[in-house]
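To keep things clear, I will list the structure first and then write my remarks on it.
The values are calculated or read from the model by the stated rules, or taken from the named source; none is laboratory data. Predicted model only: the values in this text are computed from it and were never measured. For neighbour counting, all protein chains shown are included, and Cβ atoms are generated from backbone atoms with ideal geometry for every residue, glycine included. Just the protein is used for accessible areas: all its heavy atoms, side chains included, with ligands, DNA and RNA removed. Shrake-Rupley method; radii C 1.70, N 1.55, O 1.52, S 1.80 Å.
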Protein chains: 2
Amino acid sequence: METNNEKFLSVSAIQNGTVIDHIPAGRLFHVIDLLKLHTIKENRMTFGTNFKSERFGRKGVIKISGKFFEDIDMDKIALIAPNAKVNIIRDYKVVEKRKVAVPNKITAIAKCMNPKCITNHEEVTTKFDVITDDKKVALKCLYCEKITDQDNLELI
Amino acid sequence: METNNEKFLSVSAIQNGTVIDHIPAGRLFHVIDLLKLHTIKENRMTFGTNFKSERFGRKGVIKISGKFFEDIDMDKIALIAPNAKVNIIRDYKVVEKRKVAVPNKITAIAKCMNPKCITNHEEVTTKFDVITDDKKVALKCLYCEKITDQDNLELI
């Protein structure tokens, strides 16, 4: 009888890359979508969700070998996982810990949920003020003033 | 300096559940979609892709705690990952190894890629003969005889 964990364990540590931790469990797939991880053809990736977390109840984790993200990606992650922690790994060690920062204003990366908003009908770049508390993020449209809450947040 | 792997390692073994191994790397997210894993709210899950595999070059793996799948799910997996191996885990041991079996005929679980096929215009249940070699699966529609190859395979 063999145990089931040996192979998986041996590959889950990464030498160089990025670990995104403390993603709310239900938003793991949103983060995967927004980082377009399904399009990555070479880098070894592991994902986990519904792990126990004192803060969130349940959390998700993403580990990607040989990949480092841009600041705009961090801003996007912040919008759907404002408490995520991003660890940069070099030679199997955490060399940098970044907290994603929810920006005060965002331009062009989200859609206004108001179907009547001009940004949904004409070639106008979306702009929002970001309203945030400890766990949630909402966006106030600078054109129609409608608030897009996290559950209706659609990134573009 | 802390290492990055301790927490992740400690959660990646599962006590009871299912491991789906030998998924072609590029099809991991297809398998996740067809098993609707994004809708699972409680079970701990880990996924990985682009791991080295002698047979496929690169492979994906899915591990789900406390979850066991139906035969119809196995048939669906077989269509997009015909060499997948499904291990059933009890008390941290592999108690059953199943190879997914590509069925000879399938009914109602895939779409015909021929836009003119009657199954895409009327309420007709799709039916296909399954054509398979070692690595690929294609479906021959019993209505229009058009062959839907794996790259165009859309499950319903």
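Scan segment A:26-41 for residues that are part of a helix (DSSP H, G or I) and either open to solvent by 10 Å² or more (accessible area, probe 1.4 Å) or polar (S, T, N, Q) (or both) and report the count.
Final tally of qualifying residues: 8.
When only residues in segment A:47-62 that are assigned to a strand (DSSP E or B) and among the charged types (D, E, K, R) count, which is modelled with the highest pLDDT?
Per the criteria, the residue is A:Lys59.
Could you name every one of the strands (runs of 3 or more DSSP E) located completely within segment A:63-156 that has at least 1 residues being touching a Leu at 6+ places or on another chain (Cβ under 9 Å) and open to solvent by 70 Å² or more (accessible area, probe 1.4 Å)? I'd like the intermediate steps shown before the answer.
Values: elements: A:85-90, A:93-99, A:105-107, A:127-132, A:137-141.
Strands (runs of 3 or more DSSP E) meeting the threshold: A:105-107, A:127-132.
With buried (at least 16 other Cβ atoms within 10 Å of the Cβ), on the phi < 0 side of the Ramachandran plot and in contact (Cβ under 8 Å) with a residue 12 or more places away in the chain as the only criterion, which of B:Arg55, B:Arg44 stands out?
B:Arg44
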